[in-house]
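Peer 1: First the structure, which I've put down as structure tokens, then a few questions once you've had a look.
The values are calculated or read from the model by the stated rules, or taken from the named source; none is laboratory data. Treat the numbers as computed from the prediction; the structure is a model and nothing was measured. So basically every Cβ, Gly included, is an ideal-geometry build from the backbone, and we count neighbours across all protein chains shown.
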Amino acid sequence: MSADVPSFWLEDCGEELHVRPSLDGDTTVDVAILGAGLSGLWTALHLLRGNPSLSVAIVERAFCGFGASGRNGGWCSPRFPVDAGSLVERLGPTRARETILTHQQMVSRIGRLCAEEQIEAQYRQTGMLVVARGEAQRADMEQTFAAYQRLGLEDHSILLSAEQTYARVKASRLTGGLLVPSGASVHPGRLVRGLARAVERRGGRIYEGTEAIGISQRGDRAIHTRCGTLHARKAVVAAGEAFLTGMPAFRRTLLPVSSMIVLSAPLTERQWASVGWDNGESLCSQAYTKDYLTRTADGRILYGSRGLPYYLGSRMPEHPAVQAEMFQSMRDAVREWWPSLHDLQFTHAWGGYLGVPRDWMPSVYYDSQSGFAQLIGYSGRGITTSALAGELLAGLIGGWHTGYESSPIHRSSGSQWEREPLRWLGVRYIQQAYSRIDAADKAGRRRPADTFIAEYLGEP
């Protein structure tokens, strides 16, 4: 994989990446958007669908999909970024239930929008399968299912025995599963590049190779770049997700969290027979350090996990020295899931950063007085959440009803992350504690004594 192409998805997106011109001097539009990832593109598309007379422009420092939108695991997750139990505590059962159902319905809406906009994103509604590997994970899964039962959503999440789970995927150490039928998967590269073309077909402008150095949150409504200033008559939108933390105004709004992925060569029929996984569900376990697996449309296994430790000051190095060692441990993890794949070859590996708010709740915000808007904080569930956020924000800016206005994500950003070095100390502790908990679960040992502390501090 070329160093200029940050993921297999973008390598396989079916088009050249650097094709659009940069901003050349100052210009003015109705809506100016910072970031040509899924957030910015969904917002632009819905603005132009709702009001074709609007002039909309996006500035992007690299190319469309360069960040998390083109590097993720390909899930249209039916899971909201905040867990069901925590949602009930924050919102009450009625609003929590509505939030979960809206998020699940957005999965199928993405498929419909792709069809309407002629985006060949390899959308497949195959469901999501969460597996328990060990008794401790089984207990965690049963607690999750109980939360759904209390909300009357047991039909939306089906608890499986170890035998039923193994019938779906022949992984090692299975003790149970939780099937969420509403999940889906996509080809992220084809989705984000297809959205860009759809925006342009409707008259939107995209300026690539245009690095923003500042965004006005009040006053002149503008995105300031190294290539000129993009002024806005109506709204200026911050849609840069984790990359926004490079600007002082957003430094404590989000925490950039590393996620890393390895991708296998296409499996043979013999190898797939040993793996099972015939339905191709989006697959994960209950591990604290997160793991997520996708059966790609061309027959590969993608394995992703939270990767690099948090860096002081929210730094986001693209190619840190420890990356190769971590990629190797992830390849070994795939072989541990399926010992029959001891000779499985891998062709690609990449990493990136996602944005996590302090309370794990995404934010969609528009101030009509200042013209400032933002949509941020998907905590690794960005494909579905960004589609919801972009449609909501477009309605807020354009002045039409979307049906999502009562969503808890319709808010200004929540509490900020602690100042350094407290942020670094706290996040590093949680990351290390989660690794110790997972190691104990894998070995069948009792979880560490400080597990409840780590759970409390890291609770979404």
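Peer 1: Which one of the conditions (1) acidic (Asp, Glu); (2) surrounded by fewer than 21 Cβ atoms within 10 Å (Cβ to Cβ); (3) in contact with a strand residue (DSSP E or B) (Cβ under 7 Å, 6 or more places away or on another chain) does residue 241 fail to meet, given that it meets all the rest?
Peer 2: Looking at each condition in turn, residue 241 falls short on (2).
Peer 1: In segment 1-17, which residue that is under 22 Å from residue 242 (Cβ atoms) and modelled with pLDDT under 95 is surrounded by the fewest Cβ atoms within 10 Å (Cβ to Cβ)?
Peer 2: Going through the qualifying residues, I end up with 3.
Peer 1: Something else about it: Do we have residue 378 as hydroxyl-bearing (Ser, Thr, Tyr) and either crowded, with 21+ Cβ neighbours inside 10 Å or in contact with a His (Cβ under 7 Å, 6 or more places away or on another chain) (or both) here? Write out each step before concluding.
Peer 2: Numbers: hydroxyl-bearing (Ser, Thr, Tyr): yes; either crowded, with 21+ Cβ neighbours inside 10 Å or in contact with a His (Cβ under 7 Å, 6 or more places away or on another chain) (or both): yes.
In short, yes.
Peer 1: May I ask you to list the residues in segment 24-38 that are touching a Gly at 6+ places or on another chain (Cβ under 6 Å) and either part of a helix (DSSP H, G or I) or surrounded by 23 or more Cβ atoms within 10 Å (Cβ to Cβ) (or both)? Break it down stepwise before answering.
Peer 2: From segment 24-38, those touching a Gly at 6+ places or on another chain (Cβ under 6 Å) are 25-26, 33-35, 37; that's our starting set.
Within segment 24-38, 33, 34, 35, 37 qualify.
Peer 1: Got at least one residue in segment 153-171 being touching a Pro at 6+ places or on another chain (Cβ under 9 Å) and crowded, with 20+ Cβ neighbours inside 10 Å?
Peer 2: Among the residues of segment 153-171, at least one is touching a Pro at 6+ places or on another chain (Cβ under 9 Å) and crowded, with 20+ Cβ neighbours inside 10 Å, which makes the answer yes.
Peer 1: Hey, does segment 407-419 have a residue that's touching a strand residue (DSSP E or B) at 6+ places or on another chain (Cβ under 7 Å), without any contact (Cβ under 8 Å) to a residue 60 or more places away in the chain and among the aromatic types (Phe, Trp, Tyr)?
Peer 2: no
Peer 1: Looking at (1) buried (at least 17 other Cβ atoms within 10 Å of the Cβ); (2) part of a helix (DSSP H, G or I); (3) of a type in the set (D, E, K, R), can you tell me which one residue 447 breaks?
Peer 2: Every condition holds for residue 447 apart from (2).
Peer 1: Which count do you get for residues in segment 39-63 that are in contact (Cβ under 8 Å) with a residue 40 or more places away in the chain and in a loop (DSSP other than H, G, I, E, B)? I'd like the intermediate steps shown before the answer.
Peer 2: Kept after step one, since they are in contact (Cβ under 8 Å) with a residue 40 or more places away in the chain, are these residues of segment 39-63: 39-52, 54-63.
When the remaining residues are screened for being in a loop (DSSP other than H, G, I, E, B), the result is 51-52, 54-55, 60-63.
The total comes to 8.
Peer 1: Evaluate segment 268-289: report whether one residue or more is farther than 17 Å from residue 331 by Cβ, surrounded by 20 or more Cβ atoms within 10 Å (Cβ to Cβ) and acidic (Asp, Glu).
Peer 2: Scanning segment 268-289 turns up at least one residue that is farther than 17 Å from residue 331 by Cβ, surrounded by 20 or more Cβ atoms within 10 Å (Cβ to Cβ) and acidic (Asp, Glu).
Peer 1: Right, something else. Look at residue 423 and say whether it is assigned to a helix (DSSP H, G or I), over 30 Å from residue 171 (Cβ atoms) and of a type in the set (Lys, Arg).
Peer 2: Against the criterion (assigned to a helix (DSSP H, G or I), over 30 Å from residue 171 (Cβ atoms) and of a type in the set (Lys, Arg)), residue 423 qualifies.
Results for (1) closer than 21 Å to residue 26 by Cβ; (2) surrounded by 20 or more Cβ atoms within 10 Å (Cβ to Cβ); (3) modelled with pLDDT of 95 or more, shown as yes or no for each residue.
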| site | (1), (2), (3) |
| --- | --- |
| 207 | yes, yes, yes |
| 233 | yes, no, yes |
| 255 | no, yes, yes |
| 260 | no, yes, yes |
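Peer 1: Looking at segment 209-299, what strands (runs of 3 or more DSSP E) fall wholly within it and have at least 2 residues that are over 17 Å from the mean Cα position of the chain (by Cα) and under 28 Å from residue 439 (Cα atoms)? Even if it seems obvious, please write down each step before you answer.
Peer 2: Numbers: elements: 212-215, 222-225, 228-238, 255-264, 282-285, 291-295.
Correct list: 255-264.
Peer 1: Scan segment 66-81 and tell me whether some residue there is in contact (Cβ under 8 Å) with a residue 40 or more places away in the chain, surrounded by fewer than 24 Cβ atoms within 10 Å (Cβ to Cβ) and assigned to a strand (DSSP E or B).
Peer 2: So far as segment 66-81 goes, no, none of its residues is in contact (Cβ under 8 Å) with a residue 40 or more places away in the chain, surrounded by fewer than 24 Cβ atoms within 10 Å (Cβ to Cβ) and assigned to a strand (DSSP E or B).
Peer 1: Take the residues of segment 300-316 that are part of a loop (DSSP other than H, G, I, E, B) and over 21 Å from residue 127 (Cα atoms): which is nearest to the chain's Cα centre (by Cα)?
Peer 2: Initial filter on segment 300-316 (part of a loop (DSSP other than H, G, I, E, B)): 300, 307-311, 315-316.
Narrowing further to those that are over 21 Å from residue 127 (Cα atoms): 307-311, 315-316.
Numbers: 307: 15, 308: 17, 309: 18, 310: 18, 311: 20, 315: 19, 316: 17 Å.
Going through the qualifying residues, I end up with 307.
Peer 1: Taking residue 417 as the residue in question, decide whether it is more than 25 Å from residue 224 (Cα to Cα) and over 23 Å from the mean Cα position of the chain (by Cα). Give the derivation first.
Peer 2: Working: more than 25 Å from residue 224 (Cα to Cα): yes; over 23 Å from the mean Cα position of the chain (by Cα): no.
Considered against the rule, which asks whether it is more than 25 Å from residue 224 (Cα to Cα) and over 23 Å from the mean Cα position of the chain (by Cα), residue 417 comes out as no.
Peer 1: May I pose another question? Suppose we filter 347, 384 for residues that are in a helix (DSSP H, G or I) and under 19 Å from residue 71 (Cβ atoms); which single one remains?
Peer 2: On the way: 347 fails: in a helix (DSSP H, G or I).
Being in a helix (DSSP H, G or I) and under 19 Å from residue 71 (Cβ atoms) holds for just one of 347, 384, which is 384.
Peer 1: Somewhere in segment 105-118, is a residue within 23 Å of residue 202 (Cβ to Cβ), in contact with a strand residue (DSSP E or B) (Cβ under 6 Å, 6 or more places away or on another chain), crowded, with 17+ Cβ neighbours inside 10 Å and aliphatic (A, V, I, L, M)?
Peer 2: Step one: of segment 105-118, the residues within 23 Å of residue 202 (Cβ to Cβ) are 106, 108-118.
Subsequent filtering for residues that are in contact with a strand residue (DSSP E or B) (Cβ under 6 Å, 6 or more places away or on another chain) retains 110.
This time we only want the ones that are crowded, with 17+ Cβ neighbours inside 10 Å, so: 110.
Now restrict to residues that are aliphatic (A, V, I, L, M): 110.
Looking for residues that are within 23 Å of residue 202 (Cβ to Cβ), in contact with a strand residue (DSSP E or B) (Cβ under 6 Å, 6 or more places away or on another chain), crowded, with 17+ Cβ neighbours inside 10 Å and aliphatic (A, V, I, L, M), one finds at least one in segment 105-118, hence yes.
Peer 1: Restricted to segment 407-422, and to residues that are of a type outside the set (Val, Ile, Thr) and touching a helix residue (DSSP H, G or I) at 6+ places or on another chain (Cβ under 8 Å), which residue is farthest from residue 256 (Cα to Cα)? Walk me through how you get there before you give the answer.
Peer 2: First pass over segment 407-422, keeping only residues of a type outside the set (Val, Ile, Thr): 407-408, 410-422.
Subsequent filtering for residues that are touching a helix residue (DSSP H, G or I) at 6+ places or on another chain (Cβ under 8 Å) retains 407-408, 410, 417-418, 420-421.
On the way: 407: 24, 408: 22, 410: 22, 417: 11, 418: 14, 420: 14, 421: 15 Å.
Going through the qualifying residues, I end up with 407.
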